[in-house]
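Some notes on the structure that comes next.
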Amino acid sequence: MEVQFTKEVEQLRLGAGEVFHGEGILAITKALLQSGVSYVGGYQGAPVSHLLDVMVQARPYLDELGVHVEACSNEASAAAMLGASLHYPLRGAVTWKSIVGTNVAADALSNLASPGVTGGALIISGEDYGEGASVIQERTHAFAMKSTLLLLDPRPDLAVMVRMVEHGFALSEASNMPAILQLRIRTCHVRGSFACSDNAAPRISSRQPLAEPASFDYGRLAHPPVIYAHEKRKVEERIPAAQRYIVEHRLNEHLPGAVPGDDLAELGLILQGGLYNSLIRALQLAGLADAFGVTPLSLLLLNVTYPIVPQEVADFCRGKAAVLVLEEGSPEYIEKDLLTALHRQGVSTPLHGKDLLSAAGEYNVEVIARGLLAFLQKHRPQRVGAGLQTWQTWLEGNQRRRADLAALLEAPLPPRPPNFCVGCPERPVFSALKLAQQSVGRVHVAADIGCHAFATFEPFSSGHSILGYGMSLASRAGVSPFMERRVVSVMGDGGFWHNGLLTGVQSALFNGDDAVLLIMKNGYTSATGTQDIISTPDDAAKEAAVDKHQSLAHQNQTIEATLRGLGVQWLRSVDNYDVATMRGTLEEALTTEFSGLKVIIAEGECQLERQRRIKPWLAGRLKRGERVERVRYGVDEDVCTGDHACIRLSGCPTLTLKDNPDPLRVDPVATVQSGCVGCGLCGANAQAATLCPSFYRAELVRNPGWKERLADGWRSWWRQRLLSRSGATQSTAQEVSA
């Protein structure tokens with residue numbers, strides 16, 4: 001795991017009367033247990049990965065409760081788990097990352113939503129949207145609408161979030177609709193506290209299993225002709241049942257204007273619950289909300305954004321001078337729902353939304369502030385000149401500060417794209433690919449989701465498309481028939497097990513495609529936090545590797561065995577850090593007469609996991625006074641020509657530039673900083689690319705033995721003698737010259 005959650009796991013045991021302190025996603029985890037969840041599954045991925053990580057580490061306690069936990073191979077398999085709630089009163093929860101996860105799970109979700117659920121089914125989606133996103137800018141809202149799924153967007157307050165989890169299960173059961181709990185990045189990581197309840201052991205669990213399966217019921221399948229009745233039931237029964245529950249339990253929060261006599265109380269704001277904190281901060285900057293969030297404006301917080309309750313919206317808007325809708329992202333699904341509801345209820349209150357706010361993008365404090373300012377200028381212009389002067393000053397100040405910074409720099413800041421970690425085993429593979437193309441010519445590279453996607457940035461600029469996790473080999477199928485040279489598809493071992501084995505490898509073999517697949521075998525699903533997968537070496541191998549100070553890349557052969565079992569005939573395994581061999585293997589794969597799928601396994605353990613494994617071991621040896629050797633690489637400043645080809649071929653953060661110490665040379669020289677982990681890439685590149693011989697390998701020894709101390713003393717004595725003789729010779733030469 002990326003992080004150990006020892007303290008958080010202990011907090012899962014808290015009972016009634018005790019207080020939980022921590023992050024939002026950890027509060028959600030506790031809420032699941034308080035809700036009597038029977039099973040939890042999911043696919044790892046920020047910003048909700050902590051939920052599954054904590055559950056996995058808490059398995060001993062969950063076994064006591066009878067809660068089953070499953071780490072799923074992808075989001076589709078996680079969504080399919082919810083099928084347990086089709087027939088049985090089992091509460092189940094699964095989790096994944098945002099729209100990309102929902103896309104993968106879409107087939108299972110549609111087939112689950114059509115017959116509907118008996119037990120509460122909750123999908124926790126980490127809505128990776130906006131400035132901090134690492135995925136496409138889309139929202140889950142469309143899936144909720146098309147498949148008739150409940151969509152919850154709780155206010156970022158731990159108590160509210162916990163309440164929405166508990167009501168999410170009950171709402172799902174009351175309406176027979178699966179529910180999606182949408183959590184933004186900031187909501188996942190917001191910190192706070194809430195009063196706990198006792199955990200509820202599920203009535204049906206791994207400790208108390210069902211004696212008999214449910215009777216066969218064709219109506220629970222998503223097949224004709226029953227699907228027509230399902231669709232009718234969604235409209236006539238499920239949505240009305242959900243709307244009744246939302247109103248009866250006041251899941252949406254109505255906060256009336258709290259300043260008597262203030263004309264701003266005649267204006268209303270309707271917003272997604274997740275935007276509440278940003279809205280209040282924007283209002284505070286204008287002096288329109290106090291430290292506790294009390295504001296003269298009327299607010300309707302939609303903790304449930306689908307379905308909308310038309311009567312609730314109409315009652316809120318009736319009698320208002322105007323209402324502004326704060327809906328993050330595009331298209332404006334909620335705004336259109338509200339307009340329809342008001343029209344059918346005969347309410348003529350002016351409704352604004354995307355006409356005054358940004359049509360797309362994250363609604364941060366500044367974006368909301370600008371929209372509110374435009375809203376007030378339109379409907380309360382008399383308040384803008386005085387009460388909102390602070391607001392306008394703040395917005396103008398932001399613009400002025402950006403302009404001043406740009407003028408000070410005299411040029412835009414250089415881009416600082418994300419990069420491979422120091423010593424990452426995937427960097428040398430792309431160095432080898434860059435060198436191989438010098439021999440065989442430029443090739444089309446089908447990239448994939450994962451750490452290796454960083455190769456799309458400089459200095460590699462490698463990757464023509466990314467179309468889904470594990471989809472690189474499949475995406476090549478429409479390109480390679482029209483290329484004179486073979487196409488290279490890059491895939492991680494996480495992507496291989498997620499989707500690539502079936503959509504890519506099986507398809508290529510079935511069709512007899514002449515393709516090249518490069519699999520980055522680092523031993524983990526590294527891009528989502530180095531979680532274990534089926535090809536991760538076992539604990540015994542990890543312990544043995546610590547003592548031997550070795551990499552684990554070769555320990556688990558599951559991928560190789562699977563490929564051979566499927567019928568792959570051309571298969572090579574290469575050490576990532578051996579750039580020359582990797583270059584030669586790539587050239588062979590791109591030029592061989594063999595026609596068919598060619599697979600190169602690039603073996604190199606994730607450097608983050610390797611360092612986490614090795615550093616405690618080294619620290620223990622140092623503490624005991626034992627000998628510790630560390631390999632470092634450096635650059636000889638006198639030999640370096642200042643060409644910098646090494647940097648263009650590597651991109652390692654520790655390989656950078658410094659001023660030339662020679663006053664007669666102006667070009668900066670390359671240097672290796674102290675963060676070097678000794679992977680050897682810089683030296684391997686220099687050898688494979690026939691670069692300048694300025695790199696050297698040094699072995700730094702701490703707590704050396706007596707023989708090493710004696711040898712070092714002898715070498716130091718000789719160095720001093722040679723230096724002194726050199727100084728004497730130089731002095732004599734200067735005297736003769738004089």
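Summary table below
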quantity	calculated
Sole residue being free of Cβ contacts under 8 Å to residues at least 60 places away in the same chain and polar (S, T, N, Q), chosen from Gln34, Gln11	Gln11
Positions within the stretch 7-46 being β-branched (Val, Ile, Thr), surrounded by fewer than 24 Cβ atoms within 10 Å (Cβ to Cβ) and in a helix (DSSP H, G or I), in sequence order	Val9
Test: Ser110 is among the small types (Gly, Ala, Ser), touching a Lys or Arg at 6+ places or on another chain (Cβ under 6 Å) and modelled with pLDDT of 95 or more	no
Positions within the stretch 268-294 being open to solvent by 10 Å² or more (accessible area, probe 1.4 Å) and polar (S, T, N, Q), in sequence order	Asn277, Ser278, Gln284
Failed item in (1) in contact with a strand residue (DSSP E or B) (Cβ under 8 Å, 6 or more places away or on another chain); (2) under 20 Å from Asn685 (Cα atoms), with Ser650 passing the rest	(1)
Failed criterion for Tyr228 (all others in (1) out of contact with any helix residue (DSSP H, G or I) (no Cβ under 6 Å at 6 or more places or on another chain); (2) closer than 29 Å to Leu65 by Cα; (3) of a type in the set (Ser, Thr, Tyr) hold)	(2)
Long-range neighbours under 9 Å by Cβ, at least six apart or interchain, first residue crowded, with 22+ Cβ neighbours inside 10 Å within the stretch 86-97, second assigned to a strand (DSSP E or B) and of a type in the set (Phe, Trp, Tyr)	Leu90/Tyr39; Arg91/Tyr39; Gly92/Tyr39; Ala93/Tyr39; Val94/Tyr39
Residue count for the stretch 502-539, restricted to those that are among the hydrophobic types (A, V, I, L, M, F, W, C), closer than 21 Å to Glu75 by Cα and either assigned to a loop (DSSP other than H, G, I, E, B) or modelled with pLDDT under 95 (or both)	4
Pick from the stretch 495-517, criterion open to solvent by less than 10 Å² (accessible area, probe 1.4 Å) and touching a helix residue (DSSP H, G or I) at 6+ places or on another chain (Cβ under 7 Å), ranking: farthest from Gln44 (Cα to Cα)	Ala515
Test set (1) assigned to a loop (DSSP other than H, G, I, E, B); (2) more than 23 Å from Arg648 (Cα to Cα); (3) out of contact with any His (no Cβ under 6 Å at 6 or more places or on another chain) - His498 fails condition number	(1)
Within the stretch 340-393, considering residues that are among the acidic types (Asp, Glu) and modelled with pLDDT of 90 or more, the one nearest to Tyr129 (Cα to Cα)	Glu362
Per-region count, the stretch 629-649, residues within 23 Å of Glu699 (Cα to Cα) and touching a Ser or Thr at 6+ places or on another chain (Cβ under 6 Å)	4
The stretch 630-645 residues that are under 28 Å from Gln611 (Cβ atoms) and aliphatic (A, V, I, L, M), paired with ones that are part of a strand (DSSP E or B) and open to solvent by less than 60 Å² (accessible area, probe 1.4 Å) (beta carbon under 9 Å, 6 or more apart)	Val631/Ala698; Val635/Leu655; Val635/Val669; Val635/Ala670; Val635/Thr671; Val635/Val672; Val635/Phe695
Hits in the stretch 406-429 - residues which are surrounded by 19 or more Cβ atoms within 10 Å (Cβ to Cβ), at pLDDT below 95 and assigned to a helix (DSSP H, G or I)	Arg427, Pro428
Extreme residue, nearest to Ser475 (Cα to Cα), among residues of the stretch 448-462 that are assigned to a loop (DSSP other than H, G, I, E, B) and open to solvent by 10 Å² or more (accessible area, probe 1.4 Å)	Ile449
Residue satisfying condition, being in contact (Cβ under 8 Å) with a residue 12 or more places away in the chain, of a type outside the set (D, E, K, R) and within 24 Å of Val579 (Cα to Cα), within set Leu590, Leu622	Leu590
Selection status of Ser206, in contact (Cβ under 8 Å) with a residue 24 or more places away in the chain, exposed (fewer than 13 other Cβ atoms within 10 Å of the Cβ), polar (S, T, N, Q) and out of contact with any Pro (no Cβ under 6 Å at 6 or more places or on another chain)	no
Subset tally (residues that are of a type in the set (A, V, I, L, M) and assigned to a loop (DSSP other than H, G, I, E, B)) for the stretch 678-710	2
Test: residue in the stretch 291-307 that is touching a Cys at 6+ places or on another chain (Cβ under 6 Å), of a type outside the set (Ser, Thr, Tyr) and not in a loop (DSSP other than H, G, I, E, B)	no
Helices (runs of 4 or more DSSP H) enclosed by the stretch 541-656 - at least 3 residues per element that are within 15 Å of Val429 (Cα to Cα), open to solvent by 10 Å² or more (accessible area, probe 1.4 Å) and of a type outside the set (A, V, I, L, M, F, W, C)	579-591
Asn660 vs. criteria surrounded by 15 or more Cβ atoms within 10 Å (Cβ to Cβ), under 25 Å from His452 (Cα atoms) and touching a strand residue (DSSP E or B) at 6+ places or on another chain (Cβ under 9 Å)	no
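The values are calculated or read from the model by the stated rules, or taken from the named source; none is laboratory data. Keep in mind the model is a prediction, meaning the values are calculated, not measured. Please note: Cβ atoms are built from the backbone with ideal geometry, for glycine as well, and neighbour counts cover all protein chains shown. The area values use the complete protein model at the heavy-atom level, side chains included, leaving out ligands, DNA and RNA. Shrake-Rupley method; radii C 1.70, N 1.55, O 1.52, S 1.80 Å.
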